[in-house]
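To start, the structure itself, in structure tokens.
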Amino acid sequence: MAHESSKTKKVWGELERSVLRGEGIDIGCGADPVLPGVMPFDLAQGDANRIVDHVHRQFDFVYASHCLEHMRDPRDAIAQWWSLVKPGGVLFVIVPDEDLYEQGFWPSRFNRDHKWTFTIAKRASWSPVSVNLLDLARALPGGEVLDIRLFDTAYDRGLQVNGQRAGTLAFRSRRAAGRVAYGLLRLLGFDKQALKRTFVRPLDQTDFPDTLAQIQCIVRKSAAQPGS
């Protein structure tokens, strides 16, 4: 997602600022690195699925925003990212929340390159590719979960659609009519964002300024890590 780090930084507090210190790498940063001076790692630098083939050093922090959902195997990828963290350093990961972003639709309606959906922790999910981020974090050897939480700033749950119930003829008819109305009013010059909120379902609310629909997880690596 474009510029999600810039949007997210607006709601950060002392914890986030305190862990993003020293030398860092930003995996999947695109044109929006989390901080000036971080080492960028994106497609131009190599394959984040096999980052250990390209990066041969460790960092005080490893940051990845909206990247893990694109990996072929999130468990293998996050283990490789973890290996880049210095003892005492942190892995800082942000992923879309499956209920707020995908809204019960799979494959994703808003990003067809998403290979996985994420939740903090559930016994069961509507998604056939759901991953509990808390389980991933707890499985990292020598890791301590400092923070894991949902960020839903400016998100309007009244605009959500339940994908499991969206297949009815009535829903499809309303959605088709809404999209026609949206297109016509756009041609007449009406505000795009206001029209989307009114007529488009399902709606990617993260298109709107300052709206977040994501999970943040920060894990610290023990300072005593033999062989790290």
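Tabulated data for the structure shown
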{"quantity": "Qualifying residue in the stretch 4-17 (condition: assigned to a loop (DSSP other than H, G, I, E, B), within 15 Å of the chain's Cα centre (by Cα) and buried (at least 22 other Cβ atoms within 10 Å of the Cβ))", "calculated": "no"}
{"quantity": "Single match in ASP156, ASP147 (criterion: farther than 26 Å from MET71 by Cβ, in contact with a helix residue (DSSP H, G or I) (Cβ under 7 Å, 6 or more places away or on another chain) and at pLDDT 95 or above)", "calculated": "ASP156"}
{"quantity": "Qualifying positions in the stretch 114-162 - out of contact with any strand residue (DSSP E or B) (no Cβ under 7 Å at 6 or more places or on another chain), farther than 25 Å from ASN49 by Cα and charged (D, E, K, R)", "calculated": "ARG123, ASP152, ASP156, ARG157"}
{"quantity": "Count of residues meeting criterion [of a type outside the set (Phe, Trp, Tyr) and part of a loop (DSSP other than H, G, I, E, B)] in the stretch 173-228", "calculated": "20"}
{"quantity": "Single match in THR168, THR153 (criterion: under 16 Å from the mean Cα position of the chain (by Cα), farther than 16 Å from ILE78 by Cβ and hydroxyl-bearing (Ser, Thr, Tyr))", "calculated": "THR153"}
{"quantity": "Odd one out for ALA139, checked against (1) over 17 Å from GLU69 (Cα atoms); (2) touching a Gly at 6+ places or on another chain (Cβ under 7 Å)", "calculated": "(2)"}
{"quantity": "Residue check, VAL62 part of a strand (DSSP E or B), under 14 Å from the mean Cα position of the chain (by Cα) and within 27 Å of ASP152 (Cβ to Cβ)", "calculated": "no"}
{"quantity": "Any hit, the stretch 85-97, residues being within 19 Å of ILE215 (Cβ to Cβ), within 17 Å of the chain's Cα centre (by Cα), in the same structural domain as ARG149 (by TED's automatic domain parsing) and surrounded by fewer than 23 Cβ atoms within 10 Å (Cβ to Cβ)", "calculated": "yes"}
{"quantity": "Residue check, ALA77 hydrophobic (A, V, I, L, M, F, W, C), part of a helix (DSSP H, G or I) and closer than 22 Å to PHE151 by Cβ", "calculated": "yes"}
{"quantity": "Where a residue in the stretch 178-193 is modelled with pLDDT under 95 and its partner, wherever it lies, is aliphatic (A, V, I, L, M) and part of a loop (DSSP other than H, G, I, E, B), with Cβ under 8 Å and at least six apart", "calculated": "GLY178/VAL200; ARG179/VAL200; TYR182/VAL200"}
{"quantity": "Contacts under 6 angstrom Cβ, first residue in the stretch 47-60 being without any contact (Cβ under 8 Å) to a residue 24 or more places away in the chain, partner not in a helix (DSSP H, G or I), 6 or more apart", "calculated": "HIS54/GLY46"}
{"quantity": "Test set (1) modelled with pLDDT of 95 or more; (2) in contact with a Ser or Thr (Cβ under 6 Å, 6 or more places away or on another chain) - GLU4 fails condition number", "calculated": "(1)"}
{"quantity": "Restricting the stretch 22-46 to residues that are free of Cβ contacts under 8 Å to residues at least 12 places away in the same chain and of a type in the set (A, V, I, L, M, F, W, C), the residue that is surrounded by the most Cβ atoms within 10 Å (Cβ to Cβ)", "calculated": "LEU43"}
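The values are calculated or read from the model by the stated rules, or taken from the named source; none is laboratory data. What you are looking at is a predicted structure, and each value in this text was computed from that prediction instead of being measured. Don't worry about glycine lacking a Cβ; one is built from the backbone with ideal geometry, like all the others, and counts go over all protein chains shown.
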